[in-house]
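The values are calculated or read from the model by the stated rules, or taken from the named source; none is laboratory data. Predicted model only: the values in this text are computed from it and were never measured. When we count neighbours, we look across all protein chains shown, and the Cβ atoms used for this are built from the backbone with ideal geometry, even at glycine.
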Amino acid sequence: MNVLFVSRQVRLGDLAALAGKIGREFYTYVADLDLLVCGPIYWFYYGIDGNPETVFTLEVVLPVQGKIPTAVLPYFKKIPAFRCLSARYEGSWEGLPGQYAKMMQHIHSNQLKMSGIYAESFLHIDLEHPENQITEIQIGLV
């Protein structure tokens with residue numbers, strides 16, 4: 001999929017401040033460039049280990065279609081499809097670690113091998129009523 005993206009070095013505690021901010025910026029760019037949004041915002045986590053002090057790479061992407069001006073090409077890339085275990089989670093993001101734990105148990109019980117890709121797609125964001133949020137979790141498999 002072709003995506004508009006931004007990459008940042010962060011810690012787990014930095015994520016809440018980015019929720020909504022990057023999305024608003026993306027939608028401004030999409031409107032200014034007359035692009036078509038083709039899916040939800042995804043957050044990809046590289047080097048994350050659950051430790052609040054670990055610095056890891058967060059890549060936030062938004063799938064788009066349309067003519068991309070050469071001047072902004074560094075902010076776009078193609079992400080290939082990947083094999084994964086996915087689960088739909090409904091509720092506040094504070095409950096996501098519990099869903100990850102269930103997924104990791106399934107992976108270990110079935111002797112699956114992880115690829116190191118962790119992603120979340122935000123199907124519905126509701127910062128005023130977080131219990132209404134819908135997130136798809138994807139854990140990459142080999």
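Take the residues in the range 74-103 that are assigned to a helix (DSSP H, G or I) and touching a strand residue (DSSP E or B) at 6+ places or on another chain (Cβ under 8 Å); name whichever of them is farthest from Ser7 (Cα to Cα).
Initial filter on the range 74-103 (assigned to a helix (DSSP H, G or I)): 74-75, 93-103.
Within this subset, residues satisfying the condition of being touching a strand residue (DSSP E or B) at 6+ places or on another chain (Cβ under 8 Å) are 75, 93, 95-96, 99-100, 102-103.
Numbers: Tyr75: 9, Trp93: 21, Gly95: 25, Leu96: 22, Gln99: 25, Tyr100: 23, Lys102: 28, Met103: 26 Å.
Among them, the one singled out is Lys102.
So which residues in the range 1-18 are among the small types (Gly, Ala, Ser), assigned to a helix (DSSP H, G or I) and more than 20 Å from Leu123 (Cβ to Cβ), if there are any at all? Talk me through it step by step, then tell me what you get.
Initially, the range 1-18 is screened for residues among the small types (Gly, Ala, Ser), giving 7, 13, 16-17.
Now restrict to residues that are assigned to a helix (DSSP H, G or I): 13, 16-17.
Across the range 1-18, the qualifying residues are Gly13, Ala17.
Which one of Val30, Val142 is in contact with a strand residue (DSSP E or B) (Cβ under 7 Å, 6 or more places away or on another chain) and at pLDDT 95 or above?
On the way: Val30 fails: at pLDDT 95 or above.
Answer to the check: Val142.
Quick one: count up the residues across the range 19-73 that are assigned to a loop (DSSP other than H, G, I, E, B), touching a helix residue (DSSP H, G or I) at 6+ places or on another chain (Cβ under 7 Å) and closer than 24 Å to Tyr100 by Cα.
Final tally of qualifying residues: 1.
Could you say which residue among Lys21, Lys67 is free of Cβ contacts under 8 Å to residues at least 40 places away in the same chain, within 24 Å of Ile137 (Cβ to Cβ) and not aliphatic (A, V, I, L, M)?
Lys21
Name every residue in the range 25-77 that is touching a Cys at 6+ places or on another chain (Cβ under 9 Å) and β-branched (Val, Ile, Thr), in order of residue number.
Scanning the range 25-77 gives a single hit, Val64.
Taking the range 33-51, which residues are buried (at least 16 other Cβ atoms within 10 Å of the Cβ) and within 12 Å of the chain's Cα centre (by Cα)?
Pro40, Ile41, Tyr42, Trp43, Phe44, Tyr45
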